[in-house]
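Shown next, in structure tokens, is the structure this report addresses.
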Amino acid sequence: MTRASSSANGIALAFLAYAVYAFSDASIKALNDALPAYEVAFIGAVLGFAAVPFLKSAEDRWTDLVRTSSRGLWLLRFAAGAIGSIASIVAFTKLPMAEAFSLLFLLPSFVTILSVVFLKEDVRWQRWAAVILGFIGVLVVLRPGFRELSIGHLAAAVGGVAGAIAIVVVRAMGPREKRLSLYGSVLFGTLIVSGALMLSNFTLPTPMEWLFLSSYGLLGALGNVLLMNAARMVPANLVAPPQYSQMIWAILFGYLFFDDTIDLPMAAGIALIILSGLLTLAREHKRGTPLPTPVVSTDSQASLATAPEMIDPAQPRENG
């Protein structure tokens, strides 16, 4: 296989992975708020273990799911993964899919801010401009004072911040941390936190709800496997941008199945947020840092799309 052909296949696989994630998220929406978000997250995390045999390399041990070089940072990612998973489910349940995606896509902006605060990164005007552009897009989408804001909007913002924390933790850990450990931190975080919340209020799903829950969890696991294989075929800077194709799926699903509508101002705001994310990805690639991927569903895809070993060590690094 030629290099060009391998790259084309890797990019196609990335598009397929993000499409699978979008179908997984649509399964949450199809539940129509019939089950508590933490119960959905718990079942999704249980099914997320289906991806582990495919993510585990020959030199990995099963205990690497919980083994780490920094227990404190691993536990922070553990907590961020659980919060992000539950918050994202609430967002997809309460908001039109495209609106939920647009707010979750603020994640690259949150990564930039947190990287400055906690990693002391030197960020130049280009990245700050992208952050400002993203928040302008949010104001256009939300139109505070003209639209009623809901718990779904808050949940989407929380999901974006939690996902950003999970990515900044990966950067702080560095290349010494195994990919399987990164996956395990989020998986066990979601499993344990949502499981604890579920103990006091468990609702037995109907057969149809089990179908949607299975679709959510298993498709999320499949998306992880596809994305990991795409990352093996092409550089991270080619794997990350196709994530925004999820917005096309969100608009399509919303129109066909959920009676979602998008007016002109919302479309303009979504375009600004996507532009902000793409500008940030371009700057991150130039700097040679792990690329931020919007985190939805079980959140575990962040450990694949942003793992340090995916960055080409030959890439030049610069500030800004």
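I'd like the distance between the alpha-carbon centres of region 181-230 and region 77-100, rounded to an integer number of Å.
The two parts, judged by their Cα centres, are 12 Å apart.
With a 10 Å radius around each residue's Cβ, average the other Cβ atoms per peptide and rank 15-22, 60-67, highest first.
Packing proxy ranking, top to bottom: 15-22, 60-67.
Treat every Asp and Glu Cβ in the chain as -1 and every Lys and Arg Cβ as +1, leave all other atoms uncharged, and give the resulting dipole magnitude about the Cα centre to the nearest 20 debye. Can you show the working numbers first?
Details: 22 positive and 20 negative charges, 195 e Å.
Magnitude of the dipole: close to 940 debye.
Which chymotrypsin sites (Phe, Trp or Tyr not before Pro) in region 202-242 sit in a loop by DSSP (not H, G, I, E or B) and have at most 16 other Cβ atoms within 10 Å of their own Cβ? Present the calculation step by step, with values, prior to reporting the outcome.
On the way: sites: 202, 210, 212, 216; in loops: 202.
The qualifying sites are 202.
Using a Gaussian network model on the chain with a 10 Å cutoff between Cα atoms, which of 102, 215, 70 fluctuates the most?
70
Before anything else, pin down the relative contact order of region 25-108: Cα pairs under 8 Å, at least 6 apart, normalised by residue count, whole percent.
56 percent
For the chain, what's the radius of gyration and Dmax over Cα atoms, in angstrom?
18.3, 56
Within the set of other residues whose C-beta is less than 15 Å from the C-beta of residue 95, count the net charge using Lys and Arg as +1 and Asp and Glu as -1.
In short, -3.
Which FRET efficiency value, to the nearest 0.05, is calculated for residue 202 and residue 7 with the Förster distance at 51 angstrom and r the Cβ-Cβ distance?
0.60
Among all helices in the chain defined by DSSP H, which have a length of 24 Å or more along the axis from Cα atoms plus a Kyte-Doolittle mean of at least -0.5?
3-30, 71-94, 125-142, 151-173, 179-198, 207-233, 264-287
Which shape class, rounded, prolate or oblate, goes with region 191-250 when its Cα gyration tensor gives a ≥ b ≥ c as root eigenvalues, a/c under 1.5 marks rounded, and past that a/b bigger than b/c marks prolate?
Because a/c hits 1.5 or more and a/b exceeds b/c, region 191-250 counts as prolate.
Starting from the Cα of residue 120, step 7 Å along the direction of its Cβ; do the same at residue 150; then give the gap between the two resulting points in nm.
4.5 nm
Pick from 80, 41, 129: which is most flexible by mean-square fluctuation in a GNM of the chain where alpha carbon atoms under 10 Å apart are linked?
Sorting by GNM fluctuation, first place goes to 129.
Could you work out [θ]222 nm for the chain from helices alone, using -39500 (n - 2.57) per DSSP H run of at least four and dividing by all its residues? Round to the nearest 500 deg cm²/dmol.
-22500 deg cm²/dmol
Using 0.36 nm per residue, how much length does the chain from residue 139 to residue 252 gain when fully extended, once their Cα-Cα distance is taken away? Provide the component values of the computation, followed by the final result.
Numbers: separation 113, 0.36 × 113 = 40.68 nm, distance 2.34 nm.
Here the segment from residue 139 to residue 252 would lengthen by 38.3 nm.
What's the longest uninterrupted piece of the chain once you rule out the GluC sites (Glu not before Pro) that are loop residues per DSSP with at most 12 other Cβ within 10 Å?
The segment 149-317 is the longest one with no such site.
May I ask you to compute the full-extension gain from residue 259 to residue 50, defined as 0.36 nm times their residue separation minus their alpha-carbon distance, rounded to one decimal in nm?
Numbers: separation 209, 0.36 × 209 = 75.24 nm, distance 3.25 nm.
Between residue 259 and residue 50, full extension yields 72.0 nm more.
Measure off 7 Å from each Cα along the Cα-to-Cβ vector at residue 113 and residue 60, then give the distance between these two points in nanometres to one decimal.
3.3 nm
If I take every Cα pair under 8 Å that is 6 or more residues apart in the chain, average their sequence separation and divide by the length, what percent do I get for the relative contact order?
The normalised contact order for the chain reaches 38 percent.
Values in this text are rule-based calculations from the coordinates and carry no lab data. These figures come from a predicted structure and were not determined experimentally. Virtual Cβ from ideal backbone geometry, glycine too; neighbours counted across all protein chains shown.
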